[in-house]
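Here is the structure we will look at.
Just so it is clear, none of the values below were taken in a lab; they were calculated from the coordinates. For clarity, every value in this text was computed on a predicted model and none was experimentally measured. Please note: Cβ atoms are built from the backbone with ideal geometry, for glycine as well, and neighbour counts cover all protein chains shown.
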Amino acid sequence: MATANLSGVSQHTLPIQNTTNGEDCINLAVNFIQAKTGNPPANADHVYDFMQHIDGFPHPNSTMTDNTGGTLPTPSPRPIAENLQGWGDVSPQDLNSMHNIFNHIEEEDQRLAYDHFFRERGRAPRVQEFSEFLLTFEGNDLTDPSRKTLGQLYLENKKSQKTLNQNLQAMRQLKQMLRLLDSQNQALGERNDQYKRERDNLQSEIRNLEGTICNIQHQKEDLQLKFNSLERKHDQHLTELEDERKDKQHLQHRCEELQADRQVFKHRCEELQADRQALQNTVISQTDTITHFSQTVAHLESMTEQHSTTITAIQQQNQRQQYAILILAALLFAVVCLQFFSQGSNPLSAS
């Protein structure tokens, strides 16, 4: 026998009364684990759990068999599922399925299947493989080949339950569909009424649009007349603009002529400015001459006053001379008259 190598965990105490027998059991357990798994035990707890499983597995009484070749269930105070190993390896997704299998199959059938599994394979089953074995186990009635296995019954039950659930789900969906169809019919009825109202509104709008189109046609005719009038005015404006363009060209030529006249006028102004300057010089010279003439005139005026005084005296003298001459003439006339009268009186006296 090989000695178990449990370094680091050998301090664990195994509850075995006989020391020699206990060591042999430990060595058998270690060798069995290594032979089945290909690896030595992980630690003393591994060996302890395995031996606990072995201690709980052997039947309290000898296994009884009958002529059918089946096994009778071994009585045990605890359920089979609680004694199975490997619960920690079951995934959370499969754990619920495992519990359903053990809860739906009777405990007596589970014990019978457990004994049959051990007789076939020579070892205790783990929870995963035992649940699969339960689904295919046929029991100990080998004379009735038509009997369905527990797994078939379970699967048929599950299938029936699934079918029932599917039918219920289909009925619920059908009810929901009917309610949906009812609501859709109601919605369609409301939508139909809405469409009718919209159709009436559209027909009214069509009539309004036809009237609008008629008005637009009249407006189009009026606008065509206005357009023709505006087109004539446009042609007239174009003609006027052409005339204005020609007038502008003529005005441009006239402006050029005026510009030339302006240059001539400017040249003439410059000449006039020169003439004006010369005239100013002449005026200044003539002003000097006038000033001289004014002085001469003033002198002549003074001399004229003197001559006037002399003339006045001469006039007075001449007046006196005229008076004397008149007196002399009157005297001579008087003398002549006297002489004439005297000559006339002489013939009268002679006759």
Projected onto the charge dipole of the range 173-227 (+1 at Lys/Arg Cβ, -1 at Asp/Glu Cβ, origin at the Cα centre), which of 218, 195, 208 gives the Cα projection farthest towards the positive end? 195
Just how large is the dipole of the range 203-287 about the Cα centre, in debye to the nearest 20, putting +1 at every Lys and Arg Cβ and -1 at every Asp and Glu Cβ? 220
For residue 85, distant residues with modelled amide H under 5 Å away: 127
At 0.36 nm per residue, minus the direct Cα-Cα distance, what do residue 32 and residue 304 gain on full extension? Give it in nm, one decimal, please. 79.1 nm
Quick one: if you stick a label point 7 Å off each Cα along the C-beta vector at residue 331 and residue 288, how many nm between them? 6.5
Give me the dipole magnitude in Debye, nearest 20, for the range 250-333 about the Cα centre, with unit charges on the beta carbon: positive for Lys and Arg, negative for Asp and Glu. 280
Is the shape of the range 262-347 best called rounded, prolate or oblate, per the rule: a/c under 1.5 gives rounded, else a/b larger than b/c gives prolate, else oblate, with a ≥ b ≥ c the square roots of the Cα gyration tensor eigenvalues? oblate
Hey, rough spin-label estimate for residue 223 and residue 169, points 7 angstrom out along Cα→Cβ, what's it come to in nanometres? 6.7
Mind ranking 89-101, 217-229, 124-136 by how tightly packed they are, going by the mean number of other C-beta atoms within 10 angstrom, highest first? 124-136, 89-101, 217-229
